[in-house]
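So the structure is just underneath, and the comments pick up after that.
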Amino acid sequence: MANKRTSPPSGDIGSSNLKTLVGSTFLTRINDNEHPPLRIGTQRWTTHQLAVQLGVVHTKAARLLSDAAASIGAKSVRDLYDKSTPYTFAGLRGLGETTLYVLWRLFQSQGLDPDKWAASGDRDETLVSFRSLKHREQAGEKRTLDAAQKRHPSVSRRTLAADSKR
């Protein structure tokens, strides 16, 4: 198995032929440390680092993961690992399997056990897919919304009910 590179070979990024071929703007953007797609606390991964270190190029999922980690208050990848379970992410809008895949690869890259993490949120049930967890959360939200609407009918429903009694 080939060793993973953590940085490009000497001269690759700065090569004048590469700059000409793909453009210096592109090279600057994929190595932008000011606005990296993945940030967990003070840790940062540029687009290039995501590809090389994690083996993923899903920058939108990485940005969603960054927002989720910030909402949890994670100060580092280890802190995120300790503070969360798959259930933590199931209730967050916009997060899906791709985001969980980026998280899985992030845990692996940091020497953490994603299998153990995935089982840590298991509530006396067999581990299910993240899609199933999301579906459960969405169904629960819908039940809550439906119950609230039944308790507090909208003005139009009340007007309709009053008009039908006349």
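The values are calculated or read from the model by the stated rules, or taken from the named source; none is laboratory data. Remember, it's a predicted structure, so these values are computed and weren't measured experimentally. Cβ placement follows ideal geometry from the backbone for every residue including glycine, while neighbour counts extend to all protein chains displayed. Quick note on the areas: whole protein, heavy atoms, side chains included, nothing else; ligands and nucleic acids left out. Shrake-Rupley method; radii C 1.70, N 1.55, O 1.52, S 1.80 Å.
Observations on the structure shown:
- Restricting the range 16-50 to residues that are surrounded by fewer than 15 Cβ atoms within 10 Å (Cβ to Cβ) and among the small types (G, A, S), the residue that is farthest from G73 (Cα to Cα): S16
- Set D163, D122, D146: member being assigned to a loop (DSSP other than H, G, I, E, B), among the acidic types (D, E) and modelled with pLDDT under 90: D122
- A search for C-beta distances below 9 Å between a residue of the range 48-64 that is within 8 Å of P37 (Cβ to Cβ) and any residue that is open to solvent by 40 Å² or more (accessible area, probe 1.4 Å) and not in a helix (DSSP H, G or I), counting only pairs 6+ apart in sequence or on different chains, returns L50/V57; L50/H58; A62/R39; R63/R39.
- Flag for L95 being crowded, with 20+ Cβ neighbours inside 10 Å and within 23 Å of E137 (Cβ to Cβ): yes
- Counting only helices (runs of 4 or more DSSP H) that sit completely within the range 1-111, those holding 3 or more residues that are modelled with pLDDT of 95 or more and not aliphatic (A, V, I, L, M) correspond to 59-72, 77-83, 97-109.
- Residue in the range 79-92 that is closer than 30 Å to T28 by Cα and either without any contact (Cβ under 8 Å) to a residue 24 or more places away in the chain or of a type in the set (V, I, T) (or both) present: no
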